[in-house]
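Visitor: Below you will find the structure I want to go over with you.
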Amino acid sequence: ESMQEYAVTIAGQQYKLPQPFFVLATQNPIEQEGTYPLPEAQLDRFMFNIFWKYPTYQQEVHIVKNTTADDVLKVSKVLTAEEIISFQHLVRRVPIADNVVEYAVKLSQATRPGAQGSAIANEFLEWGAGPRASQYLVLGAKCNALLNGKYSPDIEDVQAVARPVLRHRIVRNFKAEAEGMTVDNIIDRLIG
């Protein structure tokens with residue numbers, strides 16, 4: 001409800017969420033007890049699926065020191081709500097060439113078994129990404145371009161965000177699982 005309608009309902013009363021807001025979710029790949037997998041329609045509303053590796057030894061020492069002491073940490077505001085909304089609008093105003101938009105759409109469509117140009121999908125995928133993936137590839141590419149000092153994204157910016165945008169939107173088939181093909185392997189072959 002929050003991701004689709006920008007509201008939450010508690011005890012029958014709907015409350016609109018103030019802007020800006022975003023939703024984070026964590027998933028433990030080892031144990032699913034006490035959790036349940038989200039349906040594809042809900043997963044599709046998340047822009048990115050990002051993998052985090054274990055911290056290095058030094059990073060973990062730092063984490064442990066900072067989380068086991070009785071220190072009260074003070075968090076400083078970095079941006080106001082208005083500034084965040086302004087940056088969100090800035091990303092949407094970034095110009096993008098037609099060929100880059102077309103590449104993003106072709107990449108999304110290439111994940112769909114049975115679609116034109118989907119040989120890899122036909123071989124390894126049960127289900128592909130929908131139109132929301134194309135939208136997020138473009139928005140992610142625009143943001144990636146800005147973060148790298150460019151005024152407009154190119155195909156390399158789409159490719160840079162392809163893994164986190166697509167990995168939770170495609171479902172491998174039995175052949176892919178049997179051959180040890182990961183979702184990231186399949187995405188790499190698609191952008192290859």
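The values are calculated or read from the model by the stated rules, or taken from the named source; none is laboratory data. In this text the structure is predicted, and so the values were computed from the model without any measurement. Counting neighbours? That spans all protein chains shown, and the Cβs are built from the backbone with ideal geometry, glycine included. Side chains included, ligands, DNA and RNA excluded: accessible areas come from the protein's heavy atoms. Shrake-Rupley method; radii C 1.70, N 1.55, O 1.52, S 1.80 Å.
Visitor: Of all residues being out of contact with any Asp or Glu (no Cβ under 7 Å at 6 or more places or on another chain) and open to solvent by less than 70 Å² (accessible area, probe 1.4 Å) in segment 7-24, which is nearest to W52 (Cα to Cα)? Just the residue, please. Before you say what the answer is, go through the steps one by one.
Guide: Applying the first criterion (out of contact with any Asp or Glu (no Cβ under 7 Å at 6 or more places or on another chain)) to segment 7-24 yields 10-24.
Keeping just the survivors that are open to solvent by less than 70 Å² (accessible area, probe 1.4 Å) gives 17, 20-21, 23.
Details: L17: 28, P20: 25, F21: 22, V23: 17 Å.
Out of the qualifying residues, it is V23.
Visitor: Given the conditions (1) surrounded by 11 or more Cβ atoms within 10 Å (Cβ to Cβ); (2) farther than 30 Å from N185 by Cα; (3) not basic (K, R), report the number of the one that T111 does not fulfil.
Guide: (2)
Visitor: Please state which one of D44, D70, D98 is within 27 Å of M3 (Cα to Cα) and of a type outside the set (A, V, I, L, M, F, W, C).
Guide: Just one listed residue meets the conditions, D44.
Visitor: Of the residues that sit in segment 67-85 and are open to solvent by 60 Å² or more (accessible area, probe 1.4 Å) and either among the polar types (S, T, N, Q) or touching a helix residue (DSSP H, G or I) at 6+ places or on another chain (Cβ under 9 Å) (or both), which one is nearest to Q159 (Cα to Cα)?
Guide: That would be L79.
Visitor: Turning to a different aspect of this structure: Among the residues of segment 157-188, which ones are within 22 Å of R132 (Cβ to Cβ), assigned to a helix (DSSP H, G or I), open to solvent by 20 Å² or more (accessible area, probe 1.4 Å) and in contact with a helix residue (DSSP H, G or I) (Cβ under 7 Å, 6 or more places away or on another chain)?
Guide: Q159, A160, R163, D184 - these are the residues of segment 157-188 that are within 22 Å of R132 (Cβ to Cβ), assigned to a helix (DSSP H, G or I), open to solvent by 20 Å² or more (accessible area, probe 1.4 Å) and in contact with a helix residue (DSSP H, G or I) (Cβ under 7 Å, 6 or more places away or on another chain).
Visitor: Can we say V64 is closer than 28 Å to G128 by Cα and open to solvent by less than 90 Å² (accessible area, probe 1.4 Å)? Talk me through it step by step, then tell me what you get.
Guide: Numbers: closer than 28 Å to G128 by Cα: no; open to solvent by less than 90 Å² (accessible area, probe 1.4 Å): yes.
No.
Conditions tested, residue by residue: (1) closer than 30 Å to I187 by Cα; (2) acidic (D, E); (3) in contact (Cβ under 8 Å) with a residue 24 or more places away in the chain.
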{"position": "E1", "(1), (2), (3)": "yes, yes, no"}
{"position": "E5", "(1), (2), (3)": "no, yes, no"}
{"position": "K16", "(1), (2), (3)": "no, no, no"}
{"position": "P20", "(1), (2), (3)": "no, no, yes"}
{"position": "T26", "(1), (2), (3)": "yes, no, no"}
{"position": "I63", "(1), (2), (3)": "no, no, no"}
{"position": "V78", "(1), (2), (3)": "no, no, no"}
{"position": "H89", "(1), (2), (3)": "yes, no, no"}
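Visitor: For segment 114-139, how many residues meet the condition of being surrounded by 15 or more Cβ atoms within 10 Å (Cβ to Cβ), among the small types (G, A, S) and over 16 Å from I187 (Cα atoms)?
Guide: 0
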